[in-house]
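See below for the structure under consideration.
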Amino acid sequence: MIYFTALIAIIQREALRYIGQRERFIAALVRPLVWLLVFAAGFRAALGLSITPPYLTYITYEIYIIPGLCGMILLFNGMQSSLSLVYDREMGSMKVLLTAPLPRWWLLFCKLFAGAIISILQCYTFLLIAGIYGIRMPTIGYVTAFPALLVGGLMLGALGLALSSFVKQLENFAGVMNFVIFPMFFLSSALYPLWKMAEAGRLLHDICAVNPFTQAVELIRFALYAQFNLPALGWSLLATAAFLALAIWGYDPARGLIRKKG
Amino acid sequence: MSALRVSDLHYRYGSKVALDGVGFSIDEGRFCALLGPNGAGKSTLFSLLTGLLAAPEGGIAIAGHDMRTQPKAALARMGVVFQQTTLDLDLTVAQNLRYFAALHGLSGRKAANRIDEALDRLDMLERASEKVRALNGGHRRRTEIARALLHRPAVMLLDEPTVGLDAPARAAITNHVHDLCDDTHMTVLWATHLTDEVRLTDELVILHKGKVLASDTAHRIAGDRPLQAAFLEMVGETG
């Protein structure tokens, strides 16, 4: 019972903090909307898309880019909540969390889960605005996307959590953001399908294919059409487990996470 | 019975020794001051006591629970006030306390009652709905102490809780915690580098360069000198 009480409290706290930071919400929404309304509109003519699953017909570039932009929201949010972890750690509220009488893995998972829920709320807001703009998915897709968004959110949150445990200073973290977010996003199927990448080069295609972000995006892409992509799910879950294990190891007290002068 | 027992604790940061065989114990219901100059190892000791760091050697027991083998039970019996503020500044006092209560398994009516009780005890009840950002340093500290009382811990750890406070706020906080100790028989470990926060009837552990120089009641350690003089003499002798 205490496990559940703590989980709810951690989600509530994240939500309260989030509501208090309205500019963060707007910034997180503006980013994918700019991509959708400006980049995709301009790119539509330049990029021809053939029919590949899960699409059954020719689609516009705006349709193609939607799952990738959902992934972008999850990616930025996962990293941003890690940024808040580094900040929290410096401010000390991470200490409050980690001195709760619960297993550390559960506390870290709760933090991760809370972050993912906030990200998903943003994704749905984004999908709503895209829908108003005329870019719609099958209705059932909005429901079946939820578990895919959750897996993606957990995976990217776990990556951020793992990074935050190894990054000592906020300044360094900004560098990590650049080295992690941009390569992950551009070396994925978020903006171009993998077969387009293959045309550019086999190596580039292979890098994109093993990128866990690609797998998360594909999972979301199929889920938005109520289809199940087992390899993408498998890869995403595997990556989540690996990142989470790394984070739990990173936050192991025996490693001396919170190093302070005496 | 000792409520807090530390035995032969060692810790090092790389090649720098932070704690070198630290050991002491505090009886139930006693106020113990952990006195040491800056860099003595007080914060490292607190990180070990709260499980944020794990010591390769030595043992810690909180209310009879070993920190290594029963960390959850030990943490459940412990209240902590860290040196730097650990409150969410954009949340209200009550929201901060509710969050903490839930982390300790308290929710609903029970949590609300405990929150009112703890805030009342620290004269903070009327500020429950204020945002922490709007509070002054003294009131933030009181909020943190109230928060640490919610789960009725057996042992309260405070790491230099008066840092950055003005003299009246400092005196008020020191008195509040002494009163708590007297009224509720809670055991208190209070880290400080200021001798005027220590009463002669308190237990006293003097820590310097990672070692315990003395552990007894303050008046026995002071002898016939003022405590400040005794402290400086001890720290100076080994410095």
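The values are calculated or read from the model by the stated rules, or taken from the named source; none is laboratory data. It should be emphasised that the depicted structure is a prediction, and the values quoted were computed from it without experimental measurement. Please note that ligands, DNA and RNA were not included when accessible areas were found on the heavy atoms of the full protein model with its side chains. Shrake-Rupley method; radii C 1.70, N 1.55, O 1.52, S 1.80 Å.
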Equivalent-ellipsoid semi-axes of the stretch A:118-206, from the Cα gyration tensor, Å, largest first: 27, 22, 12
Between helix A:104-132 and chain A: long-axis angle, C-alpha atoms, 0 to 90°, nearest 10: 30 degrees
Most mobile listed residue (B:127, B:147, B:225) in chain B, GNM with C-alpha springs under 10 Å: B:225
Heavy-atom accessible area, 1.4 Å probe, ligands and nucleic acids excluded: residues of the stretch B:84-129 down by at least 50 Å² from chain alone: B:84, B:86, B:88, B:91, B:99, B:102, B:103
Cα pair distances of the stretch A:209-249 binned at 5 Å [whole percent]: 6, 27, 27, 19, 12, 6, 3, 0
Cα long-axis angle, helix A:139-166 against chain A (0 to 90 degrees, to the nearest 10): 40 degrees
Crossing angle, helix B:167-184 versus chain B [Cα axis fit, 0-90 degrees, rounded to tens]: 90 degrees
P(r) weight above 20 Å for the stretch B:99-239, C-alpha pairs, percent: 54 percent
The stretch B:85-152 - accessible surface per residue (Å², probe 1.4 Å): 41 Å²
Gaussian network model of chain A, Cα within-10 Å springs - most flexible of A:74, A:37, A:149: A:37
Spherically averaged projected area of chain A from its Cα convex hull (nm²): 14.9 nm²
Gaussian network model of chain B, springs between alpha carbon atoms under 10 Å - residue of B:90, B:202, B:224 with greatest fluctuation: B:224
Bridge type composition, chain B - antiparallel percent by DSSP, nearest 5: 55 percent
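Report the accessible surface area buried between chains B and A, summing both sides, using a 1.4 Å probe on protein heavy atoms only, in Å² rounded to the nearest 100. Walk me through the intermediate numbers first.
Details: alone 11170 and 12500 Å², together 20860 Å².
Result for this pair: about 2800 Å² buried.
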Flagged links, alpha-carbon separation over 19 Å, of B:72/B:110; A:95/B:72; B:110/B:131; B:16/B:72: B:72/B:110; B:110/B:131; B:16/B:72
Cα centroid separation - the stretch B:177-213 against the stretch B:29-49, whole Å: 9 Å
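At a 1.4 Å probe radius, carbon and sulfur cover how many percent of the accessible area of the protein assembly as shown?
61 percent
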Principal axes of the protein assembly as shown: Cα extent on each, largest first, Å: 93, 50, 36
Beta bridge orientation in the protein assembly as shown: antiparallel %, DSSP, nearest 5: 55 percent
